[in-house]
Every structure is written in structure tokens, then in C-alpha cells.
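The values are calculated or read from the model by the stated rules, or taken from the named source; none is laboratory data. Keep in mind that what you see is a predicted model, and the values were worked out from it rather than measured. All Cβ positions, glycine included, derive from the backbone under ideal geometry; neighbour counts span all protein chains shown.
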There are 2 protein chains.
Amino acid sequence: MSTAPAAKRQKASTPDTPIDTSSAPYKLIYWPGLPGRGEHIRLVFEEAGVAYTDTALQDDAMQQVLDQISTKNLAVDGAPNVPPLAPPVLEHGGLVISQTANILMYLAPRLGLAPDTDSGDAGAIYRLNALVLTALDGLSNEVHDCHHPICTSLYYADQRAEAVRRSKEFVTQRLPKFLGYFERVLRVQAERDVANKWLYGARLTYADLVLFQCLDGTSHQFPRAVQQLRESGAYQRLFALYEAVKQRPNVAAYLASERRQSYGEGIYRYYKELDVVPDAEEA
Amino acid sequence: MSTAPAAKRQKASTPDTPIDTSSAPYKLIYWPGLPGRGEHIRLVFEEAGVAYTDTALQDDAMQQVLDQISTKNLAVDGAPNVPPLAPPVLEHGGLVISQTANILMYLAPRLGLAPDTDSGDAGAIYRLNALVLTALDGLSNEVHDCHHPICTSLYYADQRAEAVRRSKEFVTQRLPKFLGYFERVLRVQAERDVANKWLYGARLTYADLVLFQCLDGTSHQFPRAVQQLRESGAYQRLFALYEAVKQRPNVAAYLASERRQSYGEGIYRYYKELDVVPDAEEA
């Protein structure tokens, strides 16, 4: 896809005059040392080929996040911003916003990764946002909660038994449900036009990037389950999309770079005892 | 607030010409018999005084939801819609979208419950969406998972022990965190202007309605914990907002009507053994 980010931003800035987007730099504030929820935002910038600052790569990375989420942050900066509860946080020309799906919804039309509301498909951004929220629900939040089913503020070791039980249910009941859903969405698109291999229409959108990252992270946490489901052949369009995103030139270059961080103690974690496969009678 | 929904819709329809919003009816498709996630959407319509169809009140309520979420639903209806994984679903003039926060973000500017992007505060909708996603994360999804920590497809009785443990952690660690966050957001607003008693600026927005419903449901599930935290006096602005929303004439009339359904086997459930209070040493 030949994105033209600068032109897109110019265009998008017209109805948004009060937010200075024409030349403002993009700044992502996120935890250092893991891809996490910030990764969805990085992938959007990388695919679009748009310059951005990633505080995770800076020396004071941790402090920048802590300053944002501090209970002392009263968002006193001239603009009517709201303090964030948690990262990722995006700063852009006076606007400071949080929540992954929200940041993506703001960025994608500006970076050529979603139709503009004046594109002739005004509903597109809401259809895409629904897909993104669904992917984050099932393949990010629910996966995270498999290793922290009782409380995020307890250690994993203190909820291991519950984590094992939840993981077994997840890969048996929930994972096939979500993979099947996205496979069906892709089938709907292909039935509309054989050229449609993406989640929405004939061009890659940010929803495809989100689904790629969700699948990649879920595969890290549940490699055996994902492999087994992949080999079942029931999700061929979905895994084709995964490979197609991975091979996008900008995405491939990013994944091969040092900017792509390893999975660690983040959303997606590998624990041998959680690496289970779906119950045979259910799957 | 003197909302003028008809005029708002007219105005909003200009950039959205491909979606016929000028006279199209609003239709909410949601499970019958419980407020659930659909309640946030009902409250937006009710506060705005806008007519809408609620399939939960119709004879074939269950079937309408099942038709939407059926794996046979390929969204073949002329518009480039995407089949939903789960309700709530909104139909409006050819547009069919799912996901609570997404539907609200579509509706609120059209119904006068959020600034338009051409209002002079183009960033408002993203700030509001972040607040809404945060409220739904902490005071809807996390509360639901307190009674279903292992899997939504298992019975409560089969995960009661884990539910008790999670509920204790939730009311001790998480509930004060989320209440404290929204109290701080309200303090930020009041420090900007003493007239600001809502989450964003001087007028009620849809984020206030969402927070009201989240608090109401959380109070149903954890009455003792919410009462104790309320009586601590640490969240006075938050509970003042709760009461102020409850007393809005349209909201009050709705809550007193038969359209307001009782909490049952939905997101928010009362189980005596989960009705716990925060650990004293932590709270």
C-alpha cells in the first residue's frame, strides 16, 4: 500500500484545527522492556513510515510513565486533557490521550490506515474500532488474565493454580471462538470481493495490524494451542493474514530491528505449565 | 442541559452523508432480562430524549440477538458491515456496529452528549472515549470477572472459590484504585472551573452516564464494599456525580419506568459470599 502520511495528516488536520496536527511530533509513552499494549501503536507508526518518539527507548523511560500515571498528575498543561490511569499514552500537538483502542482510532485515519470520515465510508472507523476492541478483548485482555486471573497486583506464583485452570478453559473454549470469529470476518470480506484478504475491504487497515500483534502475542503465551488450531486448517484466512502482515516491508524491517522488544513480564508471558492444548472432546 | 437532538443529528449528518442519519431510527439489539452492557446505550438515548427501539422489550428479543451473533451471520445486507461477535449491536440507517464504547462514541456527538469534532474541541471525543474505556475496564469487565474469574462458559458454582478470592482482591486493590482515579479526574475539572462537576467540562457528557451505570452495577454486586468506601469520604465528588446523574429528569423517569430492568444473571450479580469489604490493613 502506498501510504502518503504527510498528505493524510494535512487533510485530517482541516476539521481538527484546534488540535495542531500539521507538524506536531508523535510521542508514545509506554513501559520499557516489553511490547505490551504499546506495541499496537508502534506497529501503526512503523507500517505508515511515520516518525515517532518512543519513550520506552529513552533513559528515563520508567519515570516518564510514572509521571503520567502518578496520582499527583492533574494534567495542568493548558489543554483540557484528562490524566491517564495507565499507559499507553499518546501526545500529539497538545492532545494527550490514553487507552490503546482510543489512541489507534485517533491515529489510523491520520496515517492512512483507516478511511477518513469524509472518505465516502463514514462508518468504516466504527466497524474497524469494533474489530479492534474485539481483538483486544479476546486475544489481549483475556490472554493476560490467564496468567493473572485473581488480581494483577498479586504475583503469578500466588495465583498459579487458578492460572492453570483458566488457561485450559481459555484454549478450549475461548481461543477457538475468537479465531473462528475473525476467520468468519475474513470470509465475509472475501465473499464480497476476492481481492479482499484483509479484515475490512481491499486495503490493509490498522485492525489487521492489531490482529497480527494479538495473534503473535497469544502464540508466544500458548504456542502449543495456537499451533494445534493452526494445523486444524479451520483458520486458513486468519493465519494467511498473520503472515501477510509479517511480510509487509515496513513491518518486517521493524520486527528485525532492535526497536522490537522481546516478550517478557508483560501482557503475553510464557509459562510452561500454562502451555496447554484444547481438551480433545471440546475442540 | 437543553439538548436539541434533532438539530444535532442534522448537523452531524453533514460529514456523514453516506450514512443516512437524518431520519433513520435507532435500534438497539441486546439480551433481554438484564441491564448488561446495553444499559449504557439505553441511558444515552433516555438522557437525550431520543426515540429508539430496544429489542430486549420485544417478543422475539432472544432470537434477534442470536441472529446477529450466529456463526451463519455473514452481514449480507448491502452495506459493508462486519458481523458482531456479541451484543450490544446498534443499527442506524444502514450502519450496524457492535462494542459498547464504540456504539457510544458513534451516538454521543449525534445526540448532544459529547462535543462534535467540529465544535472547537476536536480532542474531546478521544478524551471522553478514554474515560469510558477506563470505566468499562475497571467497573464493568473486572467486576463481571469477579463472579467468572476462570471462564464465562463455566457455571458460577464451578468457580465459586476463585470468585471469592478474586472479589476480596478486587474490593481491596482495584475498586479503590478506580474510584480514586475518577475522583481525581473530577478534581482536575473542578480546579479548572468551579462550575465543573462532571467528568469533562461544565456539561454532562455520555462519560458521566457510563460512570453512573458502572457505579450503580458495582454497588449491586458489592454493596458493602461500595458503602464502606463511600462513607470514607475519599470519593465525595464521585458520589455527588452519581447522585446528580440519578436525578436528571430524563434519567430519573427512566429509572422509575418498567424499561429499566432489574439486575439478574448479567454483568453485575449479587452473591452473598462475594459481598466482601476491603482488607483493613490495605484500605
Q: Considering only the range B:75-113, state which residues are in a loop (DSSP other than H, G, I, E, B), more than 9 Å from chain A (Cβ to nearest Cβ) and touching a helix residue (DSSP H, G or I) at 6+ places or on another chain (Cβ under 7 Å).
A: B:87, B:88, B:111, B:112, B:113
Q) Of all residues in the range B:168-227 being at the interface with chain A (Cβ under 8 Å from one of its Cβ atoms) and among the β-branched types (Val, Ile, Thr), which is surrounded by the most Cβ atoms within 10 Å (Cβ to Cβ)? A) B:185
Q. Taking the range B:30-61 as the region of interest, how many residues are hydrophobic (A, V, I, L, M, F, W, C), crowded, with 19+ Cβ neighbours inside 10 Å and assigned to a helix (DSSP H, G or I)?
A. 6
Q) If you check A:95, A:90, which single one turns out to be closer than 23 Å to residue A:66 by Cβ and surrounded by fewer than 23 Cβ atoms within 10 Å (Cβ to Cβ)? A) A:95
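Residue-wise test of (1) at the interface with chain A (Cβ under 10 Å from one of its Cβ atoms); (2) under 15 Å from the mean Cα position of the chain (by Cα); (3) farther than 17 Å from residue A:136 by Cβ; (4) crowded, with 23+ Cβ neighbours inside 10 Å.
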residue	(1), (2), (3), (4)
B:118	yes, no, yes, no
B:129	yes, yes, no, yes
B:149	yes, no, yes, yes
B:154	yes, no, yes, no
Q: Would you check which residues across the range A:228-246 are basic (Lys, Arg) and either touching an Asp or Glu at 6+ places or on another chain (Cβ under 7 Å) or within 14 Å of another protein chain (Cβ to nearest Cβ) (or both) and list them?
A: A:237
Q.
On the basis of being within 25 Å of residue B:27 (Cβ to Cβ), outside any helix (DSSP H, G or I) and facing chain A (nearest Cβ under 7 Å), does residue B:133 make the cut?
A. no
Q) Which ones in the range A:253-274 are assigned to a helix (DSSP H, G or I) and loosely packed, with under 13 Cβ neighbours inside 10 Å? A) A:256, A:272, A:273
Q: Note down all Cβ pairs under 9 Å where the first residue falls in the range B:173-184 and is in the same structural domain as residue B:140 (by TED's automatic domain parsing), the second is surrounded by fewer than 19 Cβ atoms within 10 Å (Cβ to Cβ) and of a type in the set (A, V, I, L, M), and they're at least six residues apart or on different chains.
A: B:173/A:154; B:176/B:234; B:176/B:283; B:179/B:234; B:180/B:234; B:183/B:234; B:184/A:74
Q: Give the range B:139-169 a look and list any residue that's assigned to a loop (DSSP other than H, G, I, E, B) and either in the same structural domain as residue B:101 (by TED's automatic domain parsing) or among the β-branched types (Val, Ile, Thr) (or both), or say none.
A: B:150, B:152
(Q) Any residue that is within 14 Å of another protein chain (Cβ to nearest Cβ) and modelled with pLDDT under 95 - is there at least one of those in the range A:29-38? (A) no
**Q.** Out of A:85, A:74, sole residue that is closer than 22 Å to residue A:133 by Cβ, in contact with an Asp or Glu (Cβ under 9 Å, 6 or more places away or on another chain) and among the aliphatic types (A, V, I, L, M)
**A.** A:85
